[in-house]
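So the structure is just underneath, and the comments pick up after that.
Values in this text are rule-based calculations from the coordinates and carry no lab data. Please read these numbers as outputs of a predicted model, since none were measured by experiment. Cβ placement follows ideal geometry from the backbone for every residue including glycine, while neighbour counts extend to all protein chains displayed.
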């Protein structure tokens, strides 16, 4: 049992909104990118990864976003469709924008970095008029992700999606996913993160992300409990605050809190941990699990994905996930 | 009596936020601007005009905004100070921005137009970090105006000011004052007007402005009562909807509505009617008048200003206003 | 007699290319602009002033440029036409650009400054495709001015005009008229000034302007003679180097040099001195005067204009000019 | 024997100026890019390829350009140095620019295309002040390439390099290499191509590229001979006009013309044909070959490179080139 209620008659379970991009993962690992020679192409972007994870687990999933009118854009749409994700809401840019790229460098399992191409990207060109109210009202839940707030008109498109979601009673998940590139400065980021979070039912972020949102408003001594309470005074029912290696804590409006653990695994890279966690956590919440069990599902998915080469293509099926939960060692943080 | 409550111990009555610009009013009227030769320079911009009107009526008034680092900027700051407006919150741009200009053309009392210079203007460069929480909490009320939402970083500065105002219990007035220039499109405008209006206590706008805000959300059959009710579901206590020559209606949360009338006057031009109305209406509300009487004060101020050459410099003193209300003919619309 | 030859059968004497803008001259002089209240509107911009001066002296003059699609743009075109300037080559911007503005401040006859509005101006939007080869080949001479090189596409339009001028044997005058605003930096300026000057027959500029052009190329010990010689190695026949109060020197390819003098006058402001000089100097050169006499005509025109309120509207007729030369005192610098 | 003379005492043979980028060549060929999965990273960009080809043939080669301050930029600089290219003139961008990317798609040997990433690229940020006169005067020859003219400040940097080259008597090669992306329109391109070509000794381009340069000036009936003659009237000694499958013709100022042939080969892709041709053609001209023999060397190099996967890394050594000329079949077009 958990505090969220979903409108069960809707045909779609989850619509994700936002970034669709390409990961180019170095095939030669454990070295700096200067010395890598070949890359493998995957679909990427936090909401894309979550949508793929969600679909792999069996959720009926849709996407609202924008892709470039070229081979990269078509690769993304094809891949989503192969993963049974509805792409009705995926628009094609006609202005000559490109697909965002993320070249990954894996120097060691704990020393990974990303080289981003985010100039003139199609995903940030989604316009409010391309967000369809009729489409959104077919879904039980909406997932938004912070990067889509970074620039106009994508920023306004997210706020329109939020308005439609509230009007039609969708449960809204907000994965903060703050990446400094693209944003002008932290003050701009904090303004829009706060405005969006006011309209969300579940907020998932790191302690640092919540700090960034609170600093602007001169909120001091922000402990996790205070942070969660602030959002409960708006619409939130559930706030998850991640503390890296020290695990995550989920707060619910009734005052309860839940700590997650970690499944042991062979870590190849750290990319994709948050997205895989979110996809399985949301799956759990939407399928009647209580908060602790949903968190455990999130951790299991993360431990699978960080042992593999990609973020999106590595997402487990439900069978894989459950099998992993049965066999891997779970340790509370 | 009216539904608004003000924190009486604050040293400032009203802080206005937003546009500070220059009006260049043609001295030769009743002809197209191609045929005018000389212009007189005045301070302009809707919140500047309202602040000047407020100060003339005796309110302790402050301003948060940004001016260019040149003769135009210094003229504005000097003029505000001469009108007893506190300019602690008026920052000086250091990036080479200019002061916005509005050249007015008065072909006839009913055929007026404005030629705007709004590229690279200082007022839209106000940054969130330049909005001072300590300053805002010294005031009973805050006035925001739509134009300041048109571009970053001024847009974010307004949202930060709204957060501080709510945190410290100021009454917030929102004069919609929608001007299409500067905005990218109506969808962008509607998103930010709606987000800002959610946080305001008093919203003043034309029927067309409210329509623009509602169209985005596919709200149909928006009559005035529905419009007002929508905002009462957020924070609003008072919603004023203007119908041009047909007068204005003010709605209060308790279900009451109030119609304003018009004072007869010799109209020179229509510019400044809305700003002078707002300044005296706010004065009335902040000084214990009931809603109808405050609206009458607004109408009286408007009838004075539209008979004169400027918008800002034409604002009446309290004595002038009261005298005009005693002597001029008031007709309900 | 002078070294220039003009194709006498052409219907137009001179086509000027470039900036068309508005001067807003303070009516209250001898004070800072913060304290001025009214402005008078005049057509301005260096090539516009020269074209007006040329037309007043009786030359058949045309213009290639671009104006805003508003009252300011129409005022400019009307004014040129009233001054018998052919406006066939004046295009109308359709992108929402504005007319450049120059607010003048006259603190004293020797302390004048200008506040410029040069963002998104129509004159810099002239496109190469809007420069008509058939039009250019109807003229004996072409005048270009440095400001039109400051931004694309106006920059390319000037180079296209220069190509047509060379193809059809027009004499090309280049008034350097360097204004730092609008340009990115001095290196950019120097590159395009040098590229344009290579294609010109007469180059007129201050010592500082020539220094700026030479610094980029690390030309040292640039005395006037060396500067002139450098341009004679390209196409120039005549190079005029101005030394402010110390007068101007004109160099011709045959090795001769000529010093100009100054007519005594009551100086109101210094604006317009260069443009009026250029218009009468060009008139003299195109009407069979030798270089020294043409320079004297330039000085006479300058002494008239700096005693009056405007730059453009102050340009003398031929009768006024000749009368002034007969009556005013001429002193060699 | 050929008409070019080189200053033999200079320590460097050739300095190339301009684009340094990354090619990401699909490893899976003969299919659309939507279906490729892995890419191999190579240094790319026309002048980079020519410089690498030149260095492989044993010429002392330098480069003037700009790279991003990231792994891609460092990979490029490292690769140039490994190929014995002097990188003294390669500057590092500090503004957050990225390295340009070219994803190649090889559907068939005759159906190849490129997906370009050219937003905010470091190579176009080379500033005139970063072009060192002392460095240029150490070289016998300079190679410029059209893409570097596409945007400021790189455009101005090329013109400064040309000024220094003329001042110090370098032979200047201009490989037109016109790519429509990055340029605003054809008029802009034609203006700067013409201005640059006026200052070059050897101009190499396709018939279409010369047509584009001539169309702006309304030059009609441009046959190859007329095109070459036009440039001989400026500084050119040698003009090479390529007609695709119909081969190339080189014109010299003395009236002679030379046709090139083609070496038979197994074509993998067409990319790199022009760059490899240019590098070996220039090698031949700089090493005393007559024009026909230099063209043959160019054709030989091209036939080697188009049979291999990359453009840059495929460039032959002198031994390979001479061996190929001995063994492969050469056919006049």
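Here are the numbers:
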{"item": "Cα-based shape type of the protein assembly as shown, given that a ≥ b ≥ c are square roots of the gyration tensor eigenvalues and the cut on a/c is 1.5", "result": "oblate"}
{"item": "Cα→Cβ-extended label distance, 7 Å offset, between residue C:256 and residue D:257, nm", "result": "4.8"}
{"item": "Mean ellipticity per residue at 222 nm, deg cm²/dmol - from DSSP H runs of n ≥ 4 across chain D, formula -39500 (n - 2.57)", "result": "-10000 deg cm²/dmol"}
{"item": "Ranked list, fewest to most other Cβ atoms within 10 Å of each Cβ, for A:265, C:171, C:270", "result": "C:270, A:265, C:171"}
{"item": "Overall dimensions of segment A:194-310 as given by Cα atoms, namely Rg and Dmax in Å", "result": "14.4, 41"}
{"item": "Chain B: C-alpha gyration tensor shape, a/c 1.5 cut-off, then a/b vs b/c", "result": "rounded"}
{"item": "Label spacing, shortest first and in nm, from residue A:234 to its equivalents in the remaining copies (7 angstrom along Cα→Cβ)", "result": "1.3, 6.0, 6.0"}
{"item": "Tensor-based shape of segment A:85-190 (alpha-carbon gyration tensor, a/c under 1.5 rounded, otherwise prolate or oblate)", "result": "prolate"}
{"item": "Ratio of Rg to Rh over segment D:250-302 (Cα coordinates, Kirkwood Rh, two decimals)", "result": "1.01"}
{"item": "GNM result for chain C, Cα springs below 10 Å: residue of C:91, C:107, C:242 fluctuating most strongly", "result": "C:107"}
{"item": "Segment C:1-56 - convex hull of the alpha-carbon atoms, volume per residue in Å³", "result": "149"}
{"item": "For segment C:1-137, average projected area of the Cα convex hull in nm²", "result": "10.5"}
{"item": "Theoretical FRET efficiency, 1/(1+(r/R0)^6), r = Cβ-Cβ of residue B:329 and residue C:307, R0 45 Å, to 0.05", "result": "0.25"}
{"item": "Separation in nanometres of the label points that stand 7 Å from Cα toward Cβ, at residue D:28 and residue C:5", "result": "7.1"}
{"item": "Two-site FRET efficiency, residue D:84 against residue A:292, from Cβ-Cβ distance with R₀ of 51 Å, rounded to 0.05", "result": "0.20"}
{"item": "Cβ-vector label at 7 Å, residue A:261, separations to other copies in nm", "result": "7.9, 7.9, 10.5"}
{"item": "Tail weight of P(r) past 16 Å, computed on alpha-carbon pairs of segment A:94-139, percent", "result": "60"}
{"item": "Residue and distance (whole Å) for the chain C Cβ nearest the axis that superposes C on A", "result": "C:95, 9"}
{"item": "Residue B:168 versus residue A:211: modelled label distance in nm, points set 7 Å from Cα along the beta carbon direction", "result": "2.6"}
{"item": "Largest-first principal axis extents of the Cα set of segment B:281-333 (Å)", "result": "31, 23, 19"}
{"item": "Mean separation of Cα contacts under 8 Å, 6 or more apart, over the residue count of chain B: relative contact order %", "result": "18"}
{"item": "Label point 7 Å beyond Cα along the C-beta direction, distances from residue D:211 to other copies (nm, shortest first)", "result": "5.1, 5.3, 6.3"}
{"item": "Proxy reagent accessibility, fewest Cβ within 10 Å first, across D:237, C:331", "result": "C:331, D:237"}
{"item": "Binned Cα-Cα distances of segment B:243-333, short to long, each 10 Å bin given as a whole percent", "result": "18, 54, 24, 3"}
{"item": "Residues B:160, B:305, sorted so that the one with the fewest Cβ neighbours within 10 Å comes first", "result": "B:160, B:305"}
{"item": "For segment C:45-137, share of DSSP beta bridges that run antiparallel, in % to the nearest 5", "result": "55"}
{"item": "Largest-first ellipsoid semi-axes for segment C:138-212, taking √(5λ) over the Cα gyration tensor eigenvalues, angstrom", "result": "21, 14, 9"}
{"item": "Förster-model FRET efficiency, 30 Å R0, residue B:113 and residue B:222, C-beta, rounded to 0.05", "result": "0.60"}
{"item": "Tail beyond 12 Å, pair distance distribution of segment C:128-167 (Cα, percent)", "result": "55"}
{"item": "Chain B: most fluctuating residue of B:86, B:223, B:70 per GNM, C-alpha cutoff 10 Å", "result": "B:223"}
